[in-house]
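The values are calculated or read from the model by the stated rules, or taken from the named source; none is laboratory data. This is a predicted model, so every value here is computed, not measured. Cβ sites come from the backbone with ideal geometry, for glycine too, and all protein chains shown count toward neighbours.
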Amino acid sequence: MLAMPPIISVSNLSKTYGSGFKALNNINLDIKRGEIFALLGPNGAGKTTLISIICGIANLSEGNVMVGGHDINRDYRAARSLIGLVPQELHTDSFETVWATVSFSRGLFGKPKNPAHIEKVLKDLSLWDKKDSKIITLSGGMKRRVMIAKALSHEPQILFLDEPTAGVDVELRKGMWDVVRGLQASGVTIILTTHYIQEAEEMADRIGVINKGEIILVEDKAGLMHKLGKKELKVHLQGRIDAIPASLAAYNLELSDDGHAVIYDYDTKGDRTGITSLLNDLRNAGIRISDLDTRQSSLEDIFVSLVRAP
Amino acid sequence: MNYRAIRAIYLFEMARTWRTLLQSIVSPVVSTSLYFVVFGAAIGSRITEVEGVSYGTFIVPGLVMLSVLTQSIANASFGIYFPKFVGTIYEILSAPVSYIEIVIGYVGAAATKSIILGLIIMATAALFVPLHIHHPWWMLTFLVLTAVTFSLFGFIIGIWADGFEKLQMIPMLIVTPLTFLGGSFYSVNMLPSGWRTVTLLNPVVYLISGFRWSFYEIADVSVALSLGMTLGFLAICMALVWWIFRTGYRLKN
Ligand SMILES: Nc1ncnc2c1ncn2[C@@H]1O[C@H](COP(=O)(O)OP(=O)(O)OP(=O)(O)O)[C@@H](O)[C@H]1O
Ligand SMILES: [Mg+2]
């Protein structure tokens, strides 16, 4: 079977703002059709800048971007018709009603009127009872959902969610993820940015990490989960030892700085963890144990170590 | 052409007009009536006739132009400035619409509004003075051309402005003086010859003169020149808008 071409293909993309600040540096990224891709990165990493360029809000400085096989500059009409965007900031028309603003978006994207579709979108996002309310009367979380409804009004094939859950309460967040999963099931590709690693873990098929304008990691969640499968066992000793006994060499133990503990890395997903035999061998080496603790390296650790790296 | 997008923008802007009906229609009507009271009644009792028509009648085309000019600029500049200001412009920029479609939507709505306004002012004027329009089609042509041209001009100001002061600055400092000095309230022929030459540098003179000709067949300059100047200004505005969108000036960073 031929591999499906990526729905979004970013090549050698750089962006320098008018101020001279280089916000993106030679980005290369492919988004697969139908996946949920999470873009993770600290404040100011360039997530919003990248999304703005793909969606046509900012001009790129170098490189090119293809969306659904269309160049975003040369063939902007075809490219943009495929995209729904929910920006990070809440930008809404205060005096319009929910219904009017969502219908406006559909018209703007050149789609014929379809009240049934808009009704469905509003119901899915629990906004139906607010349809005749002026936006100014809504809460922040509701406004965010109005913006999602606007993006979905024109039935996009690609949905960008720039920090969709900022300011949305836990229950509605769950509801929102249900909507996102439903969209994915209907074939929509979703790219979301978030600061919450749990969110990326829970939702995404693939995760990309961006820092200081560069993509530093793109990996399947499965691959990351494998890394997550690694745990470490810290064995606290009653006395202190100066060196790991030769009989324990096979375990690749690490001695703590104070000599009061040894650290053992193991894989919970492996056939055998080796913990039992390690404890046996420790006793055989005459080492007495005072306590044990285990710790899982989280995506957070991976993330932190990646963005901290010089 | 994405006609649905043009329609969506146009209707969105018109909806804003209806929402703010009071200030967009009522206040110009009231101020026009005041002009009639002040200029028509007070001054008109001294100046009885200008070039064969009563003074009150004479100033009608100028008053209409005054409102159409200022309202076109105000509507269009605010119409595009506001989405920039509150950030909703993101949606327009990310939509599959061409710049021409955006301009038709915004400028079309602003021009429609000021044309309606111009007609309402004429109707108001007809309550005060007898009004006769010799060339109704030419009158409409000048009205529409002026409304479109100055809506385009307002659109440019709205894009250029990065604060509310700038939004007000050009209309206040340039357009209002030019309109007042553009022969709304007097015939250029009434001026001493030195002033007349200076006045002819004012583009608004040509608009008002042509417009007044369509009413009473009296003009300060030839009609062809009026039409030519109006079209010329329209062309300049179009070229500017084209340049703005080509470069993404003040819309994309
Ligand atoms: N219009 C602009 N002009 C100049 N610099 C800008 C502009 N917009 C963003 N930047 C800079 O570009 C960098 C990336 O910003 P961006 O908004 O893309 O970050 P982000 O990853 O979305 O951050 P956050 O998580 O806070 O939303 C930042 O250093 C920011 O200061
Ligand atoms: Mg951001």
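Condition test on A:VAL67, is it more than 16 Å from ligand 1 (Cβ to nearest atom) and in contact (Cβ under 8 Å) with a residue 12 or more places away in the chain? For A:VAL67, the condition - more than 16 Å from ligand 1 (Cβ to nearest atom) and in contact (Cβ under 8 Å) with a residue 12 or more places away in the chain - is met.
Suppose we keep only residues that are near ligand 1 (Cβ under 9 Å from one of its atoms) and among the charged types (D, E, K, R) within region A:10-48. Which one would you say is nearest to the other protein chains (Cβ to nearest Cβ)? Of everything passing the filter in region A:10-48, A:LYS15 is nearest to the other protein chains (Cβ to nearest Cβ).
Residues that are without any contact (Cβ under 8 Å) to a residue 12 or more places away in the chain and under 16 Å from A:ALA243 (Cα atoms) were ranked within region A:255-294; the one that is surrounded by the fewest Cβ atoms within 10 Å (Cβ to Cβ) is A:ASP257.
Can we say A:ILE27 is modelled with pLDDT of 95 or more, over 22 Å from B:LYS84 (Cβ atoms) and crowded, with 17+ Cβ neighbours inside 10 Å? In short, yes. Scanning region A:84-94 for residues that are within 7 Å of another protein chain (Cβ to nearest Cβ) and in contact with a strand residue (DSSP E or B) (Cβ under 6 Å, 6 or more places away or on another chain) yields A:LEU85, A:PRO87. Counting only helices (runs of 4 or more DSSP H) that sit completely within region B:1-88, those holding 2 or more residues that are more than 22 Å from B:GLY182 (Cβ to Cβ) correspond to B:3-19, B:60-86.
Report, by residue number, each residue of region A:120-151 that is within 26 Å of A:ILE197 (Cβ to Cβ), away from ligand 1 (no atom under 16 Å from the Cβ) and in contact (Cβ under 8 Å) with a residue 40 or more places away in the chain.
A:LEU125, A:GLY140, A:LYS143, A:ILE148, A:ALA151 - these are the residues of region A:120-151 that are within 26 Å of A:ILE197 (Cβ to Cβ), away from ligand 1 (no atom under 16 Å from the Cβ) and in contact (Cβ under 8 Å) with a residue 40 or more places away in the chain.
Within region A:228-252, if we keep just the residues that are in a loop (DSSP other than H, G, I, E, B) and in contact (Cβ under 8 Å) with a residue 24 or more places away in the chain, the residue that is nearest to A:ASP293 (Cα to Cα) turns out to be A:GLN238.
Sort out which residues of region A:49-83 are within 16 Å of ligand 2 (Cβ to nearest atom) and either buried (at least 24 other Cβ atoms within 10 Å of the Cβ) or away from chain B (no Cβ under 11 Å) (or both), and write them in order of number. Break it down into steps so the answer makes sense when it comes.
Taking region A:49-83 first, the residues within 16 Å of ligand 2 (Cβ to nearest atom) are A:49-55, A:57-58.
Once the filter is applied, which keeps residues that are within 16 Å of ligand 2 (Cβ to nearest atom) and either buried (at least 24 other Cβ atoms within 10 Å of the Cβ) or away from chain B (no Cβ under 11 Å) (or both), region A:49-83 yields A:LEU50, A:ILE51, A:SER52, A:ILE53, A:ILE54, A:CYS55.
Restricting region A:158-171 to residues that are within 13 Å of another protein chain (Cβ to nearest Cβ) and of a type outside the set (Phe, Trp, Tyr), the residue that is farthest from A:MET203 (Cα to Cα) is A:ILE158. In region B:46-61 there is at least one residue that is of a type in the set (S, T, N, Q) and either touching a helix residue (DSSP H, G or I) at 6+ places or on another chain (Cβ under 7 Å) or within 14 Å of chain A (Cβ to nearest Cβ) (or both). Residues that are of a type in the set (S, T, N, Q), under 17 Å from A:LEU161 (Cβ atoms) and modelled with pLDDT of 95 or more within region A:78-124 comprise just one, A:SER105.
A:LEU127 meets the conditions (1) surrounded by fewer than 16 Cβ atoms within 10 Å (Cβ to Cβ); (2) modelled with pLDDT under 95 in every case but one. The failed one is (1). Within region A:42-53, residues that are more than 14 Å from A:GLY84 (Cα to Cα) sit with their Cβ atoms under 7 Å from residues that are more than 7 Å from ligand 1 (Cβ to nearest atom) and assigned to a helix (DSSP H, G or I), at 6+ positions apart or across chains, in these pairs: A:PRO42/A:VAL307. Inclusion of B:LEU11 among residues that are within 14 Å of chain A (Cβ to nearest Cβ) and at pLDDT 90 or above is warranted.
Within region B:22-47, the set of residues being within 18 Å of the chain's Cα centre (by Cα) and surrounded by fewer than 19 Cβ atoms within 10 Å (Cβ to Cβ) comprises B:GLN23, B:ILE25, B:VAL26, B:SER27, B:VAL29, B:VAL30, B:SER31. Filtering region A:33-48 to residues that are near ligand 2 (Cβ under 10 Å from one of its atoms) and either in contact with a Lys or Arg (Cβ under 6 Å, 6 or more places away or on another chain) or within 16 Å of A:GLN184 (Cβ to Cβ) (or both) leaves A:LEU39, A:GLY41.
Checking each residue in region A:97-151 for being under 21 Å from A:LEU183 (Cα atoms), among the charged types (D, E, K, R) and within 13 Å of chain B (Cβ to nearest Cβ) picks out A:ARG106, A:LYS111, A:LYS113, A:LYS143, A:LYS150. I'd like to know if region A:172-184 contains one or more residues that are away from every other protein chain (no Cβ under 14 Å), basic (Lys, Arg) and within 16 Å of ligand 1 (Cβ to nearest atom). Looking for residues that are away from every other protein chain (no Cβ under 14 Å), basic (Lys, Arg) and within 16 Å of ligand 1 (Cβ to nearest atom), one finds none in region A:172-184, hence no. The residues listed here are B:TYR35, B:TYR90, B:TYR81; of these, the one that is within 22 Å of B:PHE215 (Cβ to Cβ) and either touching an Asp or Glu at 6+ places or on another chain (Cβ under 9 Å) or among the aromatic types (Phe, Trp, Tyr) (or both) is B:TYR35.
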